[in-house]
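Trainee: Have a look at the structure that comes next, please.
The values are calculated or read from the model by the stated rules, or taken from the named source; none is laboratory data. Because the structure is a prediction, the values reported are computed rather than measured. Cβ placement follows ideal geometry from the backbone for every residue including glycine, while neighbour counts extend to all protein chains displayed. The area values use the complete protein model at the heavy-atom level, side chains included, leaving out ligands, DNA and RNA. Shrake-Rupley method; radii C 1.70, N 1.55, O 1.52, S 1.80 Å.
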Amino acid sequence: MKILVVGSGGREHALAWKLAQSPKVQRVYVAPGNGGTALDKRLSNFPSSDPRVLAAFAEREKIALTVVGPDAPLADGIVDLFQSLKLRIFGPTRAAAELEWSKDFAKAFMQRHGIPTAPSVTCDDAAAAHARVDAQFAASPGVPVVVKADGLAAGKGVVVTTDVDEAHAAIDRWLPADASGARLVVEEFLDGEEASFFVICDGRSAVPFATAQDHKRLLDGDLGPNTGGMGAYSPAPIVTPDVHARVMQQIVRPTLAGMAGEGRPFTGFLYVGLMIDPRGQPRVVEFNARMGDPETQPILLRMKSDLLPVLEGALNAKLDEVEIEWDRRTALTVVLASDGYPSTPRKGDAIHGLPKAESDDAVVFHAGTAQVDGTLVTDGGRVLGVTVLGDSVKMAQKRAYAMAETIDFAGRQYRHDIGWRGVGRR
Ligand code: AMP
Ligand code: GLY
């Protein structure tokens with residue numbers, strides 16, 4: 001079989017790497033891919049992100065299955081396009097992916113179906129948004145207010161603040177007086193610890209995939225600006241068996257039933273961003289209609305089963321026959337980012353010191369890299385994801401950081417505390 005993976009980040013490198021290990025797979029194409037997918041002999045890059053060009057490629061090359069990594073092509077309807085051409089593709093339709101691309105849709109959906117999340121209002125009118133912010137601060141002084149832009153914002157569309165002026169400034173930015181059609185969500189603050197909870201869905205039912213914890217801030221100690229994610233580890237110890245059961249029962253099952261009932265059955269990976277309160281009650285912070293990046297990297301290193309039959313099981317609505325085996329160890333990814341990330345990532349710096357060979361329990365996944373005249377150079381904000389397995393979070397940290405230190409490029413930056421919440425707990 002030939003497989004096509006759509007995207008160019010660390011998540012897509014990990015998906016392609018994993019699918020290439022399947023005995024049924026002859027070749028994996030990555031579109032457009034990166035420097036790492038170009039170097040790997042089992043993978044080939046195809047230089048396009050245009051859904052129509054990709055569909056023509058899939059037809060011509062007789063691609064047996066296309067797997068979509070990022071959110072943008074899903075929101076653009078790549079799955080609908082492929083389906084209309086009778087091409088097999090794994091991911092949600094545009095209508096199902098609205099759970100991610102519209103915060104307003106997601107919040108209203110959760111309200112309709114009684115799915116636990118922060119109370120919120122959606123405003124298309126700046127005056128109403130300003131009034132809601134003032135009312136929330138008046139009702140709960142000292143508690144942060146959360147303001148979110150409605151569309152896909154690559155993690156930059158959320159302000160969580162106790163500063164009244166900052167909350168009002170976010171409204172001015174995202175809902176200016178002359179903006180017609182713009183919307184934002186003002187919601188209550190949720191206290192607790194976050195986790196990423198992944199399930200794989202066939203439109204009716206879901207099987208748990210894995211849990212992870214991401215590190216969104218740039219700097220150690222969860223300080224500095226938000227990023228796409230500076231590292232992750234899996235599993236997330238905060239998701240105890242009791243929390244896991246509550247997520248499946250109170251969130252995942254009603255979400256799938258609700259989506260099917262509303263005529264938008266969800267097929268694909270569903271990413272439930274959770275806030276788990278001190279009493280173990282999970283609430284939804286956000287839904288994503290895809291795997292996480294960098295969470296995919298540690299999760300797939302832990303996955304012992306072949307990924308291909310799992311995806312096929314979901315596409316054939318036979319998930320009940322699917323069983324997934326996981327390595328019991330902890331997997332941990334440290335992201336090496338470029339100079340200037342996240343605001344102005346510098347490109348073109350030569351990368352040195354990558355390990356010559358990969359092993360079963362340590363892989364460097366590429367993200368923002370490119371091959372230029374035979375040299376591997378930085379080509380984006382998040383450059384590499386050093387991913388290892390260890391018997392505990394601490395052991396995994398030790399190995400990952402020893403490996404990270406040997407890899408060098410000008411301006412390299414990384415966090416030194418990935419996994420800190422899990423140390424001693426697992
Ligand atoms: P989102 O784009 O909705 O995932 O929000 C980005 C980040 O903002 C989340 O990962 C949380 O850290 C934080 N956040 C969003 N909504 C809330 C909330 N209601 N309460 C507390 N933190 C939140
Ligand atoms: N790591 C966060 C995300 O993929 O959205």
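Trainee: Pick from region 12-56 the residues that are of a type in the set (Val, Ile, Thr) and in contact (Cβ under 8 Å) with a residue 40 or more places away in the chain: which of them is farthest from Glu325 (Cα to Cα)?
Mentor: Thr37
Trainee: Check off (1) open to solvent by 10 Å² or more (accessible area, probe 1.4 Å); (2) under 30 Å from Phe105 (Cβ atoms); (3) in contact (Cβ under 8 Å) with a residue 12 or more places away in the chain for Asp327 and give me the number that stays unchecked.
Mentor: Of (1) open to solvent by 10 Å² or more (accessible area, probe 1.4 Å); (2) under 30 Å from Phe105 (Cβ atoms); (3) in contact (Cβ under 8 Å) with a residue 12 or more places away in the chain, only one is false for Asp327: (2).
Trainee: Counting just the residues of region 98-120 that are within 19 Å of the chain's Cα centre (by Cα) and open to solvent by 30 Å² or more (accessible area, probe 1.4 Å), which one comes out farthest from ligand 2 (Cβ to nearest atom)?
Mentor: If we take residues in region 98-120 being within 19 Å of the chain's Cα centre (by Cα) and open to solvent by 30 Å² or more (accessible area, probe 1.4 Å), then Glu98 is farthest from ligand 2 (Cβ to nearest atom).
Trainee: Something else: List the pairs whose first member sits in region 311-323 and is without any contact (Cβ under 8 Å) to a residue 40 or more places away in the chain, whose second member is small (Gly, Ala, Ser), and whose Cβ atoms are under 9 Å apart, counting only residues at least 6 apart or on separate chains?
Mentor: Short answer, once both residue conditions are applied: Glu321/Gly313; Glu323/Ser305.
Trainee: Only one residue in Met303, Met275 is within 16 Å of ligand 2 (Cβ to nearest atom) and on the phi < 0 side of the Ramachandran plot, so which one is that?
Mentor: Testing whether each residue is within 16 Å of ligand 2 (Cβ to nearest atom) and on the phi < 0 side of the Ramachandran plot leaves just Met275.
Trainee: Name the single residue that is farthest from Gly203 (Cα to Cα) among those in region 73-97 being of a type outside the set (D, E, K, R) and open to solvent by 50 Å² or more (accessible area, probe 1.4 Å).
Mentor: Filtering first and then ranking leaves Leu85.
Trainee: Now for a separate question. Can you pull out the residues in region 74-91 that are closer than 20 Å to Ala317 by Cβ, without any contact (Cβ under 8 Å) to a residue 40 or more places away in the chain and assigned to a loop (DSSP other than H, G, I, E, B)?
Mentor: Once the filter is applied, which keeps residues that are closer than 20 Å to Ala317 by Cβ, without any contact (Cβ under 8 Å) to a residue 40 or more places away in the chain and assigned to a loop (DSSP other than H, G, I, E, B), region 74-91 yields Lys86, Leu87.
Trainee: When you look at Gly268, is it within 16 Å of ligand 2 (Cβ to nearest atom), assigned to a loop (DSSP other than H, G, I, E, B) and either open to solvent by 30 Å² or more (accessible area, probe 1.4 Å) or not basic (Lys, Arg) (or both), yes or no?
Mentor: No, not satisfied.
Trainee: Take the residues of region 258-304 that are closer than 17 Å to Ala206 by Cα and of a type in the set (S, T, N, Q): which is farthest from ligand 1 (Cβ to nearest atom)?
Mentor: Thr267
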